[in-house]
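The values are calculated or read from the model by the stated rules, or taken from the named source; none is laboratory data. It should be emphasised that the depicted structure is a prediction, and the values quoted were computed from it without experimental measurement. Backbone-built Cβ (ideal geometry, glycine too); neighbour counts: all protein chains shown.
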Amino acid sequence: MTDFFVNLGKHPGSRKLIKLLKLPIVFPQELSRSTTAWEVRPLENMNIIVGNVRKTQLTSIIAKTLASAGADVHVQGDTSTLMVYNEEGTGYGRIPKQLQSNTLLDEFKPHAFVFDASGMQTASELQVVYDFFQKKIKYLGTCGRMIIIAQHPSTIKDIEAASAARALEGFVRSAGKEIGRNGSTSLIIYVDPEAHDRLEPVLRFFLSYRSAYVSGQPVHLSANVKIHELPYFTRPLDQKIALVTGAARGIGACIARTLAREGAHVICMDRPSENEPCARLADEIHGTLLLCDITSPDAFNSILDFIQKKWNGKLDIVIHNAGITRDKMLVNMTSEIWSQVLEVNLISIIRVNQALIPHIQKDGRIVCLSSIAGIAGNTGQTNYSASKAGVMGYVQALAPTLYDNSITINAVAPGFIETQMTSTIPLATREVARRLSSLAQGGLPEDVAEVVTFLSSPGASGITGEVLRICGGNFIGA
Ligand code: NAI
């Protein structure tokens, strides 16, 4: 399924015609996406402007990340900050430039702004953030990125500094809504003091075109989960065994393909009725087919037997993607459809995980599909919203129990994604759902798959117990 207005907007002729006829139609910006295999330099030759409140311990990490990812860095900061960028950039042949007050930003349309606010001590220093962004934001290139890095308020003892750190979140959420028309996104990355060394892969991902449909929210990095593996920037999932439920079509099929692209062997699992498409997919990605209804009471035995026989019980990644909707207003909702949805979307995840977790290897990853319906609620979806909110509560509650096993568990909450599931929504509702995001369009299964693949990679070790929205900064569910 495709978005009519995004497609129409791609043609200069139709844009001209709409202008000529003075029709009140604003075409959504077609998003730049990166769907080929991970590369060493995802930011090759992209202009990125960096700033800070003051030099911090994160300065050298940000400088190294940008230089090693191939970016052309322009520094707005004091001499000591510039020296750090020089030192880190030299090793990669990327000498940064100092941003002058008279630099003509419209000449090079920066791909991103990265602002280090981790050194912020007072609320009045929020002025520095305003000063950095206010004049420059209009020059952000199409499908650009605006990222603020800060310390998480819960780890800051000083009350004023903690309030200021939280204020940044509101700033980022609002700015995301303003820059969305341009296809651009905003994000705040909160980094715990012990988790500085986990920032690089996260920053790379969110600055790249792989995070096209993630906007207006915080991501929290902690050092809670122990690490045994270093992050890899190419083929991060080599040698990993991954299970994807509901892999026959839609988002699940796309996740399976993307995990396989990055080196994982994927067990494509779906209901027996989906034999044909699921077998085709398993064949295409050199994975393995497992036909099993996730709600059957012995589903976990089938999975365990399968991995025992094929890989001596080794399992690294589990993606709980299988999901269903059975919409009805609460007054008309039968007990049957209530429990069907709860069973597939929540209860089976809890049951299957209980059995699988002892078999998941160190540096293992679990990602569960939630939905923004679980944050905002939807008319006619009390069953679906309850199940998806339950998934969020589940990952948050389970994550601390897995710290010592070196396993992360997260949920992703997609907004409106163009799939078979959403193609059944009536046209008018579908149109509204698409335009409700800051990016004014629905997302693609690829947008979800790229985020899930990143969360499955060794470099995502700092993220656990989180719910990441993939909704283009939807106006509901923020
Ligand atoms: P889809 O309906 O296209 O695919 C779902 C897959 O799950 C199908 O292959 C189906 O056979 C499988 N499945 C259903 N029940 C199963 C069971 N009992 N055992 C094994 N497999 C089963 O759905 P779509 O759109 O690809 O969604 C995937 C996930 O993303 C779901 O959890 C959904 O709730 C979630 N999501 C989707 C959004 C969207 O806009 N498409 C928005 C938010 C969340």
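Points worth noting:
- Subset tally (residues that are within 14 Å of MET421 (Cβ to Cβ) and either part of a helix (DSSP H, G or I) or more than 9 Å from the ligand (Cβ to nearest atom) (or both)) for the range 368-386: 4
- Residue list for the range 196-226, filter: of a type in the set (A, V, I, L, M) and under 27 Å from GLN127 (Cα atoms): LEU199, VAL202, LEU203, LEU207, VAL214, VAL219, LEU221
- Restricting the range 309-363 to residues that are more than 15 Å from the ligand (Cβ to nearest atom) and among the β-branched types (Val, Ile, Thr), the residue that is surrounded by the fewest Cβ atoms within 10 Å (Cβ to Cβ): VAL331
- One residue stands out in the range 225-278 among those that are surrounded by fewer than 19 Cβ atoms within 10 Å (Cβ to Cβ) and among the polar types (S, T, N, Q): the one that is nearest to the ligand (Cβ to nearest atom), namely SER273.
- Selection from the range 287-306 of residues that are touching a helix residue (DSSP H, G or I) at 6+ places or on another chain (Cβ under 7 Å) and away from the ligand (no atom under 14 Å from the Cβ): GLY287, THR288, LEU304
- Checked against the criterion of being in a helix (DSSP H, G or I) and in contact with a strand residue (DSSP E or B) (Cβ under 9 Å, 6 or more places away or on another chain), the range 336-343 contains not a single residue that satisfies it.
- Residues located in the range 385-426, provided they are surrounded by 23 or more Cβ atoms within 10 Å (Cβ to Cβ), more than 18 Å from GLN441 (Cα to Cα) and not aliphatic (A, V, I, L, M): SER387, LYS388, THR408, ASN410
- Residue check for THR288: under 31 Å from the mean Cα position of the chain (by Cα), surrounded by 15 or more Cβ atoms within 10 Å (Cβ to Cβ) and touching a residue at least 24 places away in the same chain (Cβ under 8 Å): no
Rundown of residues vs (1) in contact (Cβ under 8 Å) with a residue 40 or more places away in the chain; (2) farther than 29 Å from PRO193 by Cβ, yes/no style:
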position	(1), (2)
VAL53	yes, no
LEU66	yes, no
VAL75	no, no
LYS97	no, yes
PHE132	yes, no
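- Total residues in the range 405-428, condition among the polar types (S, T, N, Q) and away from the ligand (no atom under 12 Å from the Cβ): 4
- Of the residues examined, ALA440 is one that is surrounded by 17 or more Cβ atoms within 10 Å (Cβ to Cβ), closer than 12 Å to ASP3 by Cβ, more than 12 Å from the ligand (Cβ to nearest atom) and outside the structural domain of PHE205 (by TED's automatic domain parsing).
- Of the criteria (1) under 28 Å from LYS226 (Cα atoms); (2) near the ligand (Cβ under 10 Å from one of its atoms), which one LEU402 fails: (2)
- Any hit, the range 72-83, residues being surrounded by fewer than 16 Cβ atoms within 10 Å (Cβ to Cβ), at pLDDT 95 or above and closer than 30 Å to ASP238 by Cα: no
- Output for the range 379-396, where each listed residue is more than 18 Å from VAL448 (Cβ to Cβ) and in contact (Cβ under 8 Å) with a residue 24 or more places away in the chain: THR379, GLY380, GLN381, THR382, ASN383, ALA386, GLY390, TYR394, GLN396
- The range 137-178: number of residues that are assigned to a helix (DSSP H, G or I) and either in contact with a strand residue (DSSP E or B) (Cβ under 7 Å, 6 or more places away or on another chain) or not polar (S, T, N, Q) (or both): 22
- Scan of the range 208-246 for residues that are of a type in the set (Gly, Ala, Ser) and in a strand (DSSP E or B), ordered by number: ALA242
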